[in-house]
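Read-outs: derived from the displayed coordinates by stated rules, not from any lab. Just so we're clear, the structure is a prediction, and the values are computed from it rather than from any experiment. With ideal geometry, Cβ positions are generated from the backbone for all residues, glycine too; neighbour counts draw on all protein chains shown.
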Amino acid sequence: DIQMTQSPSSLSASVGDRVTITCRASPSIRSYLNWYQQKPGKAPKLLIYGASTLQSGVPSRFSGSGSGTDFTLTISSLQPEDFATYYCQQSYTTPFTFGPGTKVDFK
Amino acid sequence: QVQLQESGPGLVKPSQTLSLTCTVSGGSISSGSYYWSWIRQPAGKGLEWIGRIYTSGSTTYNPSLKSRVTISLDTSKNQFSLKLSSVTAADTAVYYCARASPMSLRSGELSYFDYWGQGTLVTVSS
């Protein structure tokens, strides 16, 4: 199986902060990388697919980059509704695998 | 707007079979080229992909669960289902159904989970 790791596992930030989350795949997954946001008690919500394509309806403050083994999700200016857990997921090959998540909470 | 809704028992006894159904509304499960998946999440933990069924009925399962999993399609009811046999406490989790949309790339096919059910908690306990 392709192993996905994320860093940090959690971070504390304030409204307006720029936040960057890193996801690493082993081995390479080209650009077959998706990002999801999950709030407590809710299903994950797709933010970005194909490493950098913003899902329809997702605010432009979210952006993704990377290819191969290293990827980043950036929130340019953190908003109150962005406090959540973020997961990366590879769709390069089955079984699809998710990163362990990064929890973003209030500083 | 596509919507997915899981249903099934919230409590299953050890060694028995967990059965869940996902009802799709807002679109036909047999039209288009989509993968219909099951994903689970133990309390406080990460997400695990269980498997998927394509519109054609072909299936792919996570090898870690393959010997115990069956996913099937019922186009007449616009539903797909999950059966997981010989369950143990380790199978206690919130189970999600999700639609995966494929996108052709030069190098292959990317897919992403764009619609999810709200999730249903299944507890394995005697």
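The trypsin sites (Lys or Arg not before Pro) of region A:24-90 that meet both conditions, a loop assignment by DSSP and at most 15 other Cβ atoms within 10 Å of the site Cβ, are A:LYS42, A:ARG61. Just need the relative contact order of region B:42-105 here, percent rounded to a whole number, with Cα pairs under 8 Å and 6+ apart. After rounding, I find 26 percent.
Modelled spin labels at B:GLU109 and B:SER76, positioned 7 Å past Cα toward Cβ, are 2.8 nm from each other. Taking the Cβ of A:LEU11 as the centre, find all other residues whose Cβ is under 15 Å away and add up their charges (Lys, Arg: +1; Asp, Glu: -1). In short, 0. The local environment of A:THR93, defined by Cβ-Cβ distances under 11 Å, has a net charge of -1 under the rule Lys, Arg +1 and Asp, Glu -1.
Under 11 Å from the 7 Å Cα→Cβ point of B:GLN5, by amide nitrogen: which residues of region B:11-54? Counting only backbone N, you get B:23-26.
Among the listed pairs B:LYS45/B:LYS77; A:LYS39/B:LYS13; A:LYS103/B:LYS77; B:LYS45/B:LYS83; A:LYS42/A:LYS107, those with a Cα-Cα distance over 31 Å are B:LYS45/B:LYS77; A:LYS103/B:LYS77.
Label separation (A:ASP70 vs B:LYS83): 4.8 nm, computed from points 7 Å beyond Cα along the C-beta direction. Using 1/(1 + (r/R0)^6) with R0 = 35 angstrom and r between the beta carbons of B:THR123 and A:SER26, what's the FRET efficiency to the nearest 0.05? With a Förster radius of 35 Å, E is 0.55.
In summary, the aspartates and glutamates within cross-link reach of A:LYS45, defined as a Cα separation below 18 angstrom excluding same-chain residues under 8 places away, comprise A:GLU81, A:ASP82, A:ASP105, B:GLU6, B:GLU48, B:ASP114.
Near B:SER15: Cβ cut-off under 13 Å, other residues only, Lys/Arg at +1 and Asp/Glu at -1. The net charge is +1.
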